[in-house]
Every structure is written in C-alpha cells, then in structure tokens.
Amino acid sequence: MISLITFLPLLAALGAFLYPGKEARLARIWALGGVLASLAVILKLATRYSTTTGLQFVERHHWIPSLNIEYFVGIDGLNFLLVLLVGILSVVVVLASWEITERPRTYFPLLLLELTGLYGAFTALNFYHWFLFFEFSLVPAFFLIKLFGGERRDEAAIKFFLFTVLGSVALLLGFQLLYFKLGTFDFYKLAEIAATGTLPEQVGPLYPYIFLAVLLGLWVKTPLVPLHIWQPEAYSQAPVPVTILLSGLLSKLGVYGFLRLILPIFPAAVKEHTCLLLTITLATILLGAYAALRQNDIKKMLTYSSLNHVAYCILGISVIAVASEHAADVKLHFQSPALQGAILQMFSHGLTVAGLFYMLGRLEKRTGSRYLNDFGGLRTVIPNFTTLFSVLTFSSIGLPFLAGFASEFLIFFGAYSLAPVIALLSVLALLTTALFLLTMIQRVFTGPLNEKWKNLPDLSALEWITVTPLIALIVWVGVNPGFWLKYSELLSLYVLSQY
Amino acid sequence: MLPLLTVIISFLGALVVGLIPDKHLRATRWIALITASAGLATAITATLQYVLPQGGFQSVLAQAWIPSIGIQFKTGVDGISLTLLLLTGLIAVCGVLFSWDIDHRTNTFFAFFLALIGGVYGVFLSLDLVLLFVFYEIAIVPKYFLIAIWGSTRREYAAMKLVLYSFTSSALVLFGLIALYFGSDLHTFDITQLMTPNTYSETFQIVVFPVVFLGFAVLAGMWPFHTWAPTGHVAAPTAASMLLAGVVMKLGAYGCLRIAIGLLPIGATHWAPVIAWIAVINILYGALIALVQNDFKFVIGYSSVSHMGFVLLGLATLNATGLNGAVLQMFSHGVIGALLFAIVGGSIYRRTHTRQLAEFDRLIDRMPAIAWIFIVAGLASMGLPGFTGFIAELNVLVGAWQAQNSLHVGVLIVAGLGIIATFAYTLVKIHEAFFRRSPAADNPEHPAPSHYPRLTCPEIIALTLLIATTLGVGLFPGRLITLINTGLAPILIALSTGHVLP
Amino acid sequence: MNFPYFNLLIALLPDLAVLAALFAALGVDYAILRYESPAKRNQTAARISVAGLSLGLFILILQLSWNLPPVSIGKDQVALTPLTLAVKAFLFGLSAIVVILSSSSQPPCKHVSEYYALLLLSTLSAGLLVGTENLLLLFVALETMSLSLYALTAFNKDSKASTETAFKYFTFGAVSSGFLLFGLSYFYGVVQTLSLPDAAVAISQLPSIPPLLRIAYLFIIVGVAFKIAMAPFHFWAPDVYQYAPTPIAGWIASGSKVAGFFVLLKILFPPALPASNQTIWAGAIACGAVITLFVGNLGALRQNNIKRLLAYSAIGQAGYLLTGILGGAIQGQTSVIFYILVYAVANLGAFGVINIVSDRNGLNGELPDVAGCWQRKPFLAVLLGVYFLSLAGIPPLAGFIGKFYLFFAAAAQHPAITHWNQGYYWLVGLALLFTAVALYYYLRVLKAAFVSDAPTDAKPIQVNPAEWVCLSVLALLLIAGGLFPEAIISFIQTTITA
C-alpha cells in the first residue's frame, strides 16, 4: 500500500509526460489524478492506523542482499503526520499550479517526481532506500526552480543544489562509516543497537565525526544558521507552488531526519552536543524573526518567517536532551510535549505556510506585486481574501485555537521547563513574529486604499476550494490537538526512552 | 568455449565488413549491428550459463600455443570478466547505432570498430598473461585509425598521443609480465596458476607491482598520465569515444585488478596508500578541470578521468567492498561515460555542429528531448542514488572507510570534495549548455534553428538501452554484485594470505 | 681419408642449381639476346634466375624432408643441419622474391644480366655462409656477398648519389672486413683451428681466458657490426637504403642481414661452448645494443624518406636483436634466428611496396608517395600495414612474438629481477621503451597510407600478378608466424640443442 502511495505520482508523471496529443493542459489532469489517488490511499491507511501499535503497513523485500540493503517501508508515529501532510499539500500544490501554461508537460511531471521523492523519503526505513529518495527529491526541485523560477533562478537553483549536496555527501560519508562498522542500514536496527548504549564503542573514535557529518547534512536541509543562506533565494525565486513544496515539505525532510536519523541513533552524541544544537537553533529562530522584520518583499518575509518556524521544531527536538536534575518521570512530563509539539509543529507549519504562500501567490497574480509598499486598504476590495489570509497569518503568529498555537505552546512548555533561558530568548522571536506579521496585515489590508487596486476580484471558486480545507485543518488542529497528538504519542515515548 | 565466441564473432565480423565494397552502406551497417548484437547476446548467454555457486573460472579452454616459451591459449570467465563482457557488448551495440550516419569509408570504420571490440573481449577472457597482452595490443592499432581518420579536433595529434601512451604503458606491462614469469618457480604465464598464494617473494612483489600497476593504470587514466584520455576521447568519433571511455579505460583497470593486485597482493598492500592518494587526486583534479572547460566534449573527457579515480580508489582499498565498488564503477562509468559521449559528441554535435558551450543558446528550448536525456545522464554521472554510479561510489567509499588502517583519512575528505566538485561541474555545464542565453546565437547570418531535428531511431534505441541499464542496474544491483563477488573471492584470499606473510 | 665428394655434391646441389642459373642468365643474355630489347633481356634473365632459385629451393626442401642427420664435410666447411637447410631455403625464397620485384620494374640499366648474376652470387654466398662452420669459408662467403652488394648498390650508374653511396659502402665495408679478418686471425691464434666446433673445445679447455681472445672477439664484433648496421658502425646504412635500387635495398635489409647475424651467432655461440664464456663478449654486445637502440630509434623519428626511415628502423631492430643475443646459446640464439627471419620478411615486403608505389612512378620513396594508398590500391595498403605493424611488434603478427621472445630470452639469462646488479632487465626495459618510440615512426608511414588522401596528381599504382603473389606470401608468412609460431620456434630450438 505504501509503495502505491509513492509510485502513483510516478505513474502519473509518466502519464503526463508521455500522453500523446497536442492538448498539453491534460498534464494537469494527470497530476491531479495522481495526487488524489495517493491521498485516497493515505486516507484509507489513516482510517486503519492504530495508535497503539508502533510500526505499521510494513513492506519489506530483499533488495541488494550482498549489502544487506532492503526495500523497507512502513508508517509509524514519526512519519504518519508527514505522509498525511504530503498528501494534503500535494493537492494544494497541483491546484496552485492549475493555471500554469508554460510547458505543462515538463512542469507537472517534475512536480509529481518531486512528490514521489518526498513520499519515498518519508516512508523509507532503510538508510539506502531513504537516501535514494532524499537525493532524488533534490533534482526535480532544482529543475522546477531553474526552469520556472524568477529572474535570478539560475543562481538560486545552483546554490540550493550545491548546498544541499554538500550536506548529503557528508551525510552519506557518515552513514557509510556507520554501515561499515555495524553492517546494517536499517534505521530500526541501528536504533536498537543505539538503545543498548554500545554504539559509540562499536563505532570507535570516529563516532563524534559521524554524528557531525549526519548533523551537517540535516543542518543544511532544514536549514539552520549559518547554512541557511541558500534558502531565501531559493524560496523567493521559485514559482509559488514550488515554494509551497520547498517550505511546506522539503524543509520537513530535514526535521524528519533529526527525528529518524539523529535522535534514535545518536542519543549519546545528542546529549553531548545539546549546547551546539540549541545555540544554532536559537540563532536561527532569532535571525529568522529579525530578518523577516526588515523585509519589504512579502515573499522574503514569509521565507524568513518559515526559517524561524521550522527552527521551533528543532528547538522541541533538541531540548529533550538537555540534562536536568528532574527525576525521570517528571522529566518525561516535559520532554514528551516538546517532542510531540515538534512533530505537530511540522504538520501545522506545513499547513499554514502552504496557505500563506498560496494566498500571496494569488495576490501577486492579481497585482503583479508582492511589496508591502505597494498595497494598502485591500480589505475593502477583497474582504473574503483578507479574512482567509488573516486566519492563516494568525495561525502563524500562534493565536489560540489555531494550529500554530497548539504546537508552539507544547514546544515552549517543554522548552521552558528544560531550558528556560533558551525558551525565554525564543519568546522574543515569537513577539517579533507577531510584530512583523501584524504589520504586514496592517499595511496590506488596512489603511487607505491604493487606488490602483480598486478593481481587484475577490476569491475565485478554485481559491476557495484550495484554501478552505487548509483553514479547516488548521482550526481542527488548533481546537483539538489531542486528536493529532495521539498519533505520535507511542513513538515519542520510544524515542524518549533514551533521553 | 561459449564466451570465446564473442572474440571470434567480432573478428569475423570485422573481416566480413572490411571485405564488403565501400558502396554497400546499408549492408555494412547491418552486418556490424548484427555482429555487435551477437556479441552482446553471447555475453548474456555466457553470464546466464555461469554457475554462480560454483564460482571461479568457468568455460575454461586451455590449448598449448607456444609451449617453448610457456605461452598457452587459455581463456575462461569469472564474475569480473563477465561483468565487463556484458559492458563491452552493450557499448558495442550502442556504438554501432551511434555510427549509423557514418558514410565516409564506412566499411573500414566498422572493421576497425569491430576489431577493437574483439581485442577488448579477448583481454577480458584471457587467462594467460601473454595472451591477455596480445589482445591488449591488438586493441591499440584500431584506436589510432578510428581517431585519425574519422575524428575531429586535432585528431592526428590526439590519435598519436593516445596510441603512444597506450603503447608505452603496455611496454611497462610487458616488462612486468616477463618479470612475473621468471619471478616465480612455476615458470608459467598461466594466471590461474600464478594466483596461488606465496608465488612471489615479498621483495619481488614490492619491486614489480608498481611497474605492472602503472602500466595498466595509464590506460585507466591515472593522474598524471591521464592526458591522453581527454584529448583522445574528444578527438575520437562518437562511437570510438563511447568505446574508449566506456570500455578501453576499463582494460587498464581490469589489468590492475586481475594482474597487479591479483598476482602481487603484498606489493598491492605496500603501495595502496600511494595509489589511494593518486586516485583522489584523479577524482578532484578531473572534476575541477572539467569545471573550467569550454568545449562540451572536453567536460565529458575530464569527467571520465574523475570517475576512473573512483575505480582506482576502490582498487586501493584492497577489501571486498572496495574492490566490488571498483568493478561496479567500471561497469557504471562504462555505461554512463558512453551515454554522455553519445549525447554530447553524437546527438548534440550532429545538430549544432559546434561543441563550444559559449555558442549554445538555451538548447532546452531547441532540443528538449536531448536536453532532458543529458540531464538524466548528468544525474547518473553525479552519482545520484538510483543510478549505477551511486551504488558503485557507495561501495568504494565504504571500502575506503574499512581500509582506514592503511589509508589516510585525508583521502576520504578529498574524495568527498571530489564528489562535490562533480556535482558542481555537472550542474554548471548543464546550465551553460542548455539554459544559458548565448550572445553568439544572435548572429543574424547563422540564426540557430528554433527546433533541431528530432532524435533518430538508432539514437533512441541506443540511448534507451544505456539509460535503462544504468537505471536498472542502479536500482537492482544485487545480481551484479553477487556476480562480481564470486570473481573477487580468489583475489581476496590472495590478499588475506598476503597479509600474514612475514 | 677418402674425401666424400659424393656427399659434398649432394649437399651442395641446391647451390649448384643457383650457380647454374647464374651462368645461364649471363650466358643467355650475352650469347643470344645481345641485341634484343632491354625489356626482353630483363625478363629472360629474371626468369632464369627465378627458375634456378626455385630449383635450389625445391632441392633444399627435398633435403629437409629426407630428414638426414647433420652432415659435416671437410673441416666443417660444409655443415648442414635442418636449420641451416631451412635458412638457406628461406634465403633462396627471399632472393626469388627480390628477383621478381626487380624484374617487373624498368630494367635498372643496360647490364641486365649482371644485375641478376650479382644478386644470385650474393644469395649463393649467403647460403654458403649459413651452411659452414669454418672460419675461413665464413670470411670468404661474407666477402663475396659484400662485394656483390657493393656492386649492386652502384647499379644506378646514372645516379651520382648511388655511386657515391656505393663508394661509401665499399670503404666502410673494406675497413670492417679488415677488422673482421684481424679478429678471426687472433681467434685462430688462440684456438689453433679453423673449425668452430673444435674452437669451442679448445676454448673450454683453456685454463683462463687469454686477453688475446677478448681482443679477437672485440675485433670480430666490430667487423660484423658493420654488416648488421650496429651503431656506431651504421653510417653507411641510411644512404645505402635510400639510394640503392629499392629491391636491392630490400635484399640488403633482409638477406644480407640474416647472413650477418648468422656470422655473429656462429662465432659467439660455437656449438657446445660453456655458457660462462659469454662473459667474454657480453659487455661489448650490451654496449652496442644500447647505442644501437638510441641511434636507430631516435634517428628514425625525423626521417621523411621511407627508405631512410627503414634504414634507421633497421638499426633500431639490430638493437633488439643484440638484446636477444644476450639471452645465451639456446634461448638467445633461437629468439634471434626467429626474429631475424621475421624481420627479413617484413622488411622485404616493405621495400617491395615502396618499389611499386614510388620507384615505378619515378619517385624516391618520400612519405607522401604512399599517401592515399587506401584509395589507390586498398589491398596494397593492407599489406603495407601488415609489414609495418609486424616491424612495430603489434600482435598477432610474427613481429610481436619475435620481439617478445628476444626480450624473454634476454631476461631469462638472469631471471631474478630483485638483484639489480646482474641480468639484462635494464636493457629489456630500455628496448621496450624504444618499441613505443618506434611505433611512432612506423605509424607515420601508416598514417600516410591509411589516413591521408591521395594527392590529386597521384599516378595510379600498378601491381602485376607476380608481385601480388609475392607480397601476399610475405604477409601471410607474418600472420602465420604470429598465430602459429610454435612450429618454427621448436624447430629452431631442437636443431640448436641437438
């Protein structure tokens, strides 16, 4: 079943690419069909998902026996929400691309290939298998930026690619060494070995270097300061649907890497390097927020804001390793919300940021501009648009009863108890976020109307269809986070058992 | 006997094609294609016939040839040679398909081409040192004529350079072979007999190993003796560059593995650190030079040098994983190198009549299909997971980690830098070739056509074959790895017993 | 003791056949065809020569097939073994081919029959030289051969260069003969016998090596060095090869070279001489080999005349052969004999092609003369390719096996490579490197023949059937010798060891 999720978009990509005939726009039908089919399978799995068992829907076959490599996929609490997120956002992305007319037979297959890569990477449980899709997901993204991006797309694309590859090479070298010492690429097996606490001895003096190599790979991918410099350009140069993919999903690949590759496999190293992790996280949070504050280009602002929000996930992940004098069960009381909050934050940030970028894209489509200075008073012209945009912004700020609040609250709850100084400093960023997002709302939608825009059309049917489900989910997560948290509960306990 | 058919078929084909009068173009092409396909089919059948669990050399045919000086006609196959036979067959077929439009001295072209292939098959099959050398040299002369007659860009200089490098290195090899004969008490050229451990004394191995290894490694494109490779590959006609980069460089690597390492394991252990350093220089240097080339074919030429560095690095690890990676990389680079040369030297050049990157004007709009195929090939060449290059480089690097007792950790770091440089030049060159606007293209006298002619049928077949192979084997390398492992087993035994010798 | 005249007659029957042809050619020409056209005289003389040579060849083959035990008559004046018979047959065959190649060209000059007579005389003496173990006869045969060659070289009387060259050749030759004769007389002074087998016994019984013997060997080597174009006694070769009539140059490069090396082998390896005696001359030969390799191969690089190039290549090839001689009595001799035969075939073939392509069109054998040979006569180009690739030592041609064997033999002398101070690995290595250099200049010729286009004013190449047959036979010999060398090698080896 899981393979089906991965390969349905691939099939659709082939269909869109090879389908004969002049009607190139048919490609989008193929794309929509592909993503809906995958989403349908995901929803079917979701109904059968049991929150009381760990790994489910496993598919396991020999692949390269001589290297002990298996085709091993499955869903557990760490990746369930992410697979679901890919499913939802993929539909958004296709709908956001609905009006693409430039070379759709190149565009949609690339989009679908990208989704294949993401599904594959999120479901893989063997490093080789995972890395294959992890690397593969780079390629369509690269070409989507390069072919369909803005003015400075070439530079943005190559920067994006080279930075990520730099990380990947480090990651690969690290895991190669791990493989050579332990003879397996299997995430679960590696975690089991790590759980016995003998992993550092088995690996020997290179253990910290392996950890740093793996960390480096994810550091770039997530990204965290100072390896984030590829990100603003890539996000702002990419076409809107691709920005959604990058910010909503590709960055989650990095965070997911922390959950899957780092926490269970390198507990000793994580404990040792918590300080480093927290420092770069904090730096990212603050830098993201302050950089966003200074932007005039709304897309750039959202980009930095996204940098900041994803770093909250890493905050939630890294604080659990902070040494504290609390007793184990008390400590767990703080750790668990932080970790689960991080997982939920990935989901809610994905939903929110996708909505924001989408709406921004629609605004740009209408006006041809995305600069704060150009707008003002749009509320009177496009009230529905304003409402939906504001809801998404509020979720991003972290207003109660919206998704952002639920997850960020959990993270800060845990962080405050485990690393109060860091948490307090991060709160500064939270305030900054509120500041620039509200400023944006104010300068775009309120105040005197810029006369140029008095004839803007309000939301179209397609826009309604695209955004409403996102808003609904955001509210659902915000109102009833418990429903979503229970998916990750078991696995977070499993991970936390070593911290 | 069956594997030997590949050699016989190729030479017979060369003879027949050579005798067809020049005007029968179609007949010549078809006979060449049939010959090459028959070779491939034979190679496949031989692989299927090979009994994996039994391992070792199979289908051995031993016949006295010049017993007065101990030379046998002995052939046979093991996992390594089968892998390379398959590669040769594949490249041969694709090479013929990419030579479909050759109309200048067609019969001579295919005669030389098939003779070269016959020689290459022969090297992979030989189990006697002199016989191997004979085939090794048979392959040299056709190379010269293929480049000098049908080549481009300083073809005569390049052909001569290539041949002289090959021949000088083979002189080293011959020197080594004679020493190998007299160095053991067995007094034989029989590879299988010489592979028994403790054949050679330690001093002997340390002295002779560099000679033999260097001799073969020059043909594998080892830095600093690689300079024949880019010039030669660039000047060669498409099919010949495919064959040169794809297969002929592997002859050198094969010799390094089978003879230098297989027969002189202690020497190999002694010299491995040096080889590893040279190998990573190969990787990084090749990639960096490729980055600054302006001629598209030179980019590919230097990328070959860079990729062969991985083969050498794999050889230098001297352990199961690394050697397996080396052989896999031979196969992988064979396919991918041929693919790149086919696209750049064949498909693109045929249409644009230039290879200067500066003159390419957003080819993605003008030849989208070719551009995308090149991009896929470029990704394969970068070593993206899913293609053969990845699994091969993975094995080589894991092998290098394993060999960290003998290899410096700096080797790995340089190799990592090399990989990044590979990514860099591939992307940069893809950009320059396909996405960049060129001011030169606005020349009103020779406006570039908005659409170049479509891919022809032979091109499509050849490109599909190559891409399917790199992708298919990249995704399911299991069988090939097992096959290679059976071939490596005796070499590994020799290596492990070599270590315990005083 | 009753001298075995009948045996002698039987043994020299082939030579008598040739001798008869020699006189017949002269006689018929002078007596009957005196006033006929040169073409007819040429044809008749050539036919008679070929007939005589073929008859001799036929008798030799018969003698070979009788499988007689080795014959030795007089003081080893005529010593026939299967090997000497075979080599004689080989020389007769080559000579016949030279005759055929000469005959189809324009008659070299008015003295038609003398040309063939001299050629036959040199063949005859080369044959006698191969089949004797007597120092005196060896010298006489060598001189007879050389004198006929001097005369043949000068045959283009109208050409100043040809005359000058012949004079040079003669002067050098006379000096070298002096050296040789000195050497031989010192040798005789030490061993007190003219018979080489007896000499071997005498040397092995000497308590120590007298200095006189060393000097004798040195003089002999210097004397022979001239005949085999060993540097630094090679200066005549480039001019002679270039300016002598091309078939004669071919004969000098093949037949006379075979004879020269046989003299060297006979004196250096008298039968049953202990191997330790090699130290007497090994140093001199090794030095000569090094210089010869350098001079020949580097000299050839700059040549634009194919015949001159072949001259330098011949010097270089002498270097390989000298390397092989260091391989000792059995392996060394076998390899040298094998290679000299192969080399002679390839060289004669090369000169044959140049004769057809250049001389017949009034050209001088410059590199561009063969340009576009692939367009003008493709099969001729292929034949040229076979000869030159064999010279270069490319498998599967006989030249490869021959060179391989030479190096193998030299290395076999002191097989432990780990002992630097002894053995000839260094020389083998040097020679191998020079094979790569050599490939360069051979390829230059092949490049002209296969790659370049024919010049627009190129005259058509005419080849007559007899020439096709001759050249194809030579090429086939090279291919067969490369694919199935065992028969020849084991034949040589067994007769040497017997």
The range A:114-156 and the range C:289-364 have their Cα centres apart by a whole-number Å value of 64
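Let me know the mean shielding of C:393-405 by other chains, meaning the per-residue number of their Cβ atoms within 10 Å of its Cβ. List each step's numbers first, then the result.
Details: counts 4, 6, 11, 7, 1, 0, 0, 6, 6, 0, 1, 9, 4.
For peptide C:393-405, the averaged partner shielding equals 4.
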Taking alpha-carbon centroids only, the range B:455-474 lies from the range B:113-145 a number of Å equal to 26
Proximal lysine pairs in chain B, meaning Cα under 24 Å and 8 or more positions apart or interchain, come to 9
Of the convex hull enclosing the alpha-carbon atoms of the protein assembly as shown, the direction-averaged projected area in nm² is 62.0
Counting only DSSP loop positions in the range B:7-49, the trypsin sites (Lys or Arg not before Pro) whose Cβ has at most 13 other Cβ atoms within 10 Å are B:K23
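Taking a ≥ b ≥ c as the square roots of the Cα gyration tensor eigenvalues, with a/c under 1.5 meaning rounded and otherwise prolate when a/b beats b/c, else oblate, which class fits the range A:57-207?
Prolate, because a/c is 1.5 or more and a/b exceeds b/c.
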Here the range C:441-455 yields Karplus 3J(HN,Hα) values (6.51, -1.76, 1.60; θ = phi - 60°; whole Hz; Gly and Pro given as x) of 6, 5, 5, 4, 5, 5, 4, 4, 6, 9, 9, 5, 8, 5, x
Expressed as a whole-number percentage, the relative contact order of chain B with C-alpha contacts under 8 angstrom and at least six residues apart is 16
Log10 I(q)/I(0) at q = 0.05, 0.06, 0.11 Å⁻¹ for chain C, from Debye over equal alpha-carbon scatterers, is -0.17, -0.25, -0.88
Going residue by residue through the range C:364-381, the Karplus relation 6.51 cos²θ - 1.76 cosθ + 1.60 with θ = phi - 60° gives ³J(HN,Hα) values, rounded to whole Hz and with x marking Gly or Pro, of 10, x, 6, 3, x, 4, 8, 4, x, 4, 5, 8, 7, 8, x, 5, 5, 4
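With a ≥ b ≥ c taken as the square roots of the eigenvalues of the C-alpha gyration tensor of the range C:1-153, please select rounded if a/c is under 1.5 and otherwise prolate if a/b is larger than b/c or oblate if it is not?
On the way: a/c = 2.21, a/b = 1.93, b/c = 1.14.
Prolate.
What is the mean number of Cβ atoms from other protein chains located within 10 Å of the Cβ atom of each residue in peptide B:164-175, rounded to a whole number? Walk me through the intermediate numbers first.
Working: counts 5, 1, 2, 12, 7, 1, 4, 12, 4, 1, 10, 10.
Mean shielding count: 6.
Would you mind ranking B:V207, C:V222 by Cβ crowding within 10 Å, fewest neighbours first? Don't skip to the end; give the middle numbers.
Details: B:V207 18, C:V222 21.
Least to most surrounded, the residues fall as B:V207, C:V222.
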The alpha-carbon center of the range A:476-499 and that of the range B:364-415 are separated, in whole Å, by 39
Longest principal axis of chain B (C-alpha) makes with the long axis of helix B:140-150 (C-alpha) an angle, in degrees to the nearest 10, of 10
So the angle from the long Cα axis of helix B:320-341 to the longest Cα principal axis of chain B, reported in degrees to the nearest 10, equals 30
For the range C:236-244, in residue order, the Karplus 3J(HN,Hα) values (coefficients 6.51, -1.76, 1.60; θ = phi - 60°; whole Hz; Gly and Pro = x) are 6, 4, x, 5, 4, 4, 7, 9, 5
Listed by chain and number, the lysines with an alpha carbon less than 23 angstrom from that of A:K181, same-chain partners under 8 positions apart left out, are A:K189, A:K271
Rounded to a whole number, the mean other protein chain Cβ count within 10 angstrom for residues of A:62-68 is 6
Ordered by number, the chymotrypsin sites (Phe, Trp or Tyr not before Pro) in the range C:390-450 that occupy a DSSP loop and have at most 11 other Cβ atoms within 10 Å are C:W420
Amide H proximity to C:E366 below 5 Å, modelled H, separation 5+ or other chain, gives C:I306
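Hey, fewest Cβ within 10 Å first, where do C:V473, C:V130, A:V225 land in order?
Numbers: C:V473 14, C:V130 24, A:V225 19.
The most exposed by this proxy come first: C:V473, A:V225, C:V130.
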For chain B, longest principal axis from Cα atoms; helix B:478-500 axis from its Cα atoms; angle between them, nearest 10 degrees, is 40
Restricting to lysines and to Cα separations under 21 Å from C:K257, and discarding same-chain partners fewer than 8 apart, the set is C:K88, C:K168, C:K227, C:K266, C:K307, C:K403
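Could you list A:H326, B:H104 so that the one with the fewest beta carbons within 10 Å of its beta carbon is first and the one with the most is last?
Working: A:H326 14, B:H104 10.
Ranking A:H326, B:H104 by Cβ neighbours within 10 Å, fewest first, gives B:H104, A:H326.
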Excluding residues fewer than 8 positions from A:K221 in its own chain, the aspartates and glutamates with Cα under 16 Å of it are A:E114, A:E135, A:E233
With DSSP loop assignment and no more than 15 other C-beta atoms within 10 Å, the GluC sites (Glu not before Pro) in the range A:1-78 are A:E23
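Every number here is computed from the coordinates shown, using simple stated rules; none is lab data. These figures come from a predicted structure and were not determined experimentally. So basically every Cβ, Gly included, is an ideal-geometry build from the backbone, and we count neighbours across all protein chains shown.
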